[in-house]
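Below: one structure, written as structure tokens.
The values are calculated or read from the model by the stated rules, or taken from the named source; none is laboratory data. Being a predicted model, the structure only gives us computed values, none of them experimental. Backbone-built Cβ (ideal geometry, glycine too); neighbour counts: all protein chains shown. The protein model used for the area step is the full one, side chains on, heavy atoms only, and it has no ligands, DNA or RNA in it. Shrake-Rupley method; radii C 1.70, N 1.55, O 1.52, S 1.80 Å.
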Amino acid sequence: MVSPVAQLTTRLAYGATQLSRVAWYVGHGEIMRRLSQRVRERDGEKARPKPQTDRPVPERRRLFADMAKLFQQDLANVEAGIYPLPADHDGSLLKLLRRSRLFFEDLPDVHRRRESGEKRQVFTDETRGKRPAYYLQNFHFQSGGWLTDDSAQRYDTQVEVLFNGSANAIRRQVLVPLREVFAGRDQRQLKLVDVGCGTGRLIDFIKQAWPRLPVVGFDMSDSYLTEARRHLKRWGWLNLVVAKAEAIPLPDASQDAITCVFLFHELPPKVRRKIFSEFARLLKPGGRLVIVDSLQLNDEPDYNGMLQRFPQNYHEPYYTSYLTDNFPQMAADVGLTHVRDVNAFVSKVMVFDKQRCN
Ligand SMILES: C[S@@+](CC[C@H](N)C(=O)[O-])C[C@H]1O[C@@H](n2cnc3c(N)ncnc32)[C@H](O)[C@@H]1O
């Protein structure tokens, strides 16, 4: 039984950190929109045609109400003991300001790419053949694609601005289905891989919940892994390895859990299937796969128009096919069972299990 004082302290601490994060990133979003408007006016650019959709687009008020529900759920998970009061580890004010500067400095280039449709700047003689062609693109029109240190240091600000400061709270929803399969087991004897781990923000929350769980993070970007190493340096029982999700250098049936956040919408449909088959190979019988990615069409019908518009604003070449792809079928095709989907604001948590042998 938690004392009322302890409960109040938790709520105050949670509210103070999460509200200030939301204010910080919503503020960035506001400034970004104003700057973009000013550049258009200065350059006399014709307004780009508004992204098209004939489906409903939620009002800002509705979005904020749904975001508040996500934060309520996040706090409820903490109070239920599913994971500890989170530390977002955004860094000192100086570091935050440096990241802000990096973010704002890049906006004119992002703006130019969006206007001109230039999206393959990272596909060069130097990079060609070193990574798959689908990967060598300026996703989101960002400078450097996935390939530079600056891009890796800007990424978390960009994602949090896009999600109004809720990206970490979305990532933490992965811990709920993990707790179900880890409860009562010795964490040191378990194994988890995070695929497409990027800058390591999910791994940080996994480690806050299970500090001695052996974790390996895989990503195709050296630069993103360098940033992840910096962010995660206080944790042990952890390896970060450059590898592509289609061919993970680990033995069959070696993992108790696999996590994968915000990767699948950036993959061509065929690659999604290859990676599912790789996940099925890696999982032990009884193992669990947890994917977090964007909502798909009709998961939240009032959002359908917003989902349709998203790839018209950001370079997301595979997002439209993602919106209607059939994940339960993809899982069944490789012998995994779809357990459930749970919406988390503009994202959802998809849970799959590999059956135990009889
Ligand atoms: C949108 S980011 C998501 C990063 C992180 N999971 C998060 O929570 O923010 C996609 C990441 O997947 C990586 N990636 C994309 N395709 C990949 C592939 N086929 N294999 C491994 N990593 C990949 C990129 O380098 C990038 O770091």
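Measuring with a 1.4 angstrom probe and ignoring ligands and nucleic acids, residue 351 comes out at about 0 Å² accessible. The calculated 222 nm mean residue ellipticity attributable to helices in the chain amounts to -15000 deg cm²/dmol, summing -39500 (n - 2.57) over DSSP H runs of n ≥ 4 and dividing by all residues. Length gained on full extension, residue 69 to residue 234: 56.3 nm, using 0.36 nm per residue less the C-alpha separation.
Note on residue 43/residue 94: beta-carbon distance plugged into 1/(1 + (r/R0)^6) with R0 of 30 Å gives a FRET efficiency of 0.35. Convex hull volume of the C-alpha atoms in the range 229-306, normalised per residue: 148 Å³. Relative to the Cα centre, the charge distribution of the range 167-267, modelled as +1 at Lys and Arg Cβ and -1 at Asp and Glu Cβ, gives a dipole magnitude of about 520 debye. Calculated on the Cα set of the range 113-271, radius of gyration then Dmax: 16.3, 55 Å.
Set the Cα radius of gyration of the range 2-159 against 2.2 N^0.38 Å, with N its number of residues, and you get 1.33.
Dividing the mean sequence gap of close Cα pairs (under 8 Å, 6+ apart) by how many residues the chain holds gives a relative contact order of 17 percent. Placing a pseudo-label 7 Å from each Cα along the Cα-to-Cβ vector at residue 357 and residue 54 gives an inter-label distance of 5.4 nm.
Extension gain, residue 189 to residue 118: 0.36 nm times the residue separation minus the Cα-Cα distance gives 20.8 nm.
Cα convex hull of the chain: how many Å³ per residue?
Details: hull volume 52.4 nm³, N = 358.
Expressed per residue, the convex hull around the Cα atoms of the chain is 147 Å³.
Sites listed here are trypsin sites (Lys or Arg not before Pro) in the range 140-213 whose DSSP assignment is loop and whose Cβ has at most 16 other Cβ atoms within 10 Å: 185, 212. Using the Cα coordinates of the range 261-358, the gyration tensor eigenvalues translate into equivalent-ellipsoid semi-axes of 26, 14, 10 Å, sorted from longest to shortest.
Less than 12 Å Cβ to Cβ from residue 89, Lys/Arg counted +1 and Asp/Glu -1: what total charge do the surrounding residues give?
Its environment carries a net charge of +3.
Other residues with beta-carbon under 13 Å from the beta-carbon of residue 343 carry, at +1 per Lys or Arg and -1 per Asp or Glu, a net charge of -3. Computed with a 1.4 Å probe on the full set of protein chains, the accessible area for residue 338 sits at about 60 Å².
Over the range 90-142, the Kirkwood radius and the radius of gyration, each from Cα atoms, give a ratio Rg/Rh of 1.12. Per residue, the chain exposes 47 Å² of solvent-accessible protein surface, assessed with a 1.4 angstrom probe and all protein chains in place. Counting protein heavy atoms only, the chain has 55 percent of its accessible area on carbon and sulfur, 1.4 angstrom probe. Each Lys and Arg contributes +1 and each Asp and Glu -1, all at the Cβ; summed about the Cα centre of the chain, the dipole is approximately 280 debye. The chymotrypsin sites (Phe, Trp or Tyr not before Pro) of the range 218-263 include none that meets both criteria, a DSSP state outside H, G, I, E and B (loop) and at most 13 other C-beta atoms within 10 angstrom of the site's C-beta.
Separation of the alpha carbons by more than 21 angstrom is noted, of 191/348; 69/207; 233/354; 69/348, for 191/348; 69/207; 233/354.
Beyond 16 Å, how much of the Cα-Cα pair distribution for the range 88-176 remains, as a whole percent?
Roughly 61 percent, once rounded to a whole number.
Local charge for residue 266 was computed over the other residues whose Cβ lies under 11 Å away, with Lys and Arg +1 and Asp and Glu -1, and equals -1.
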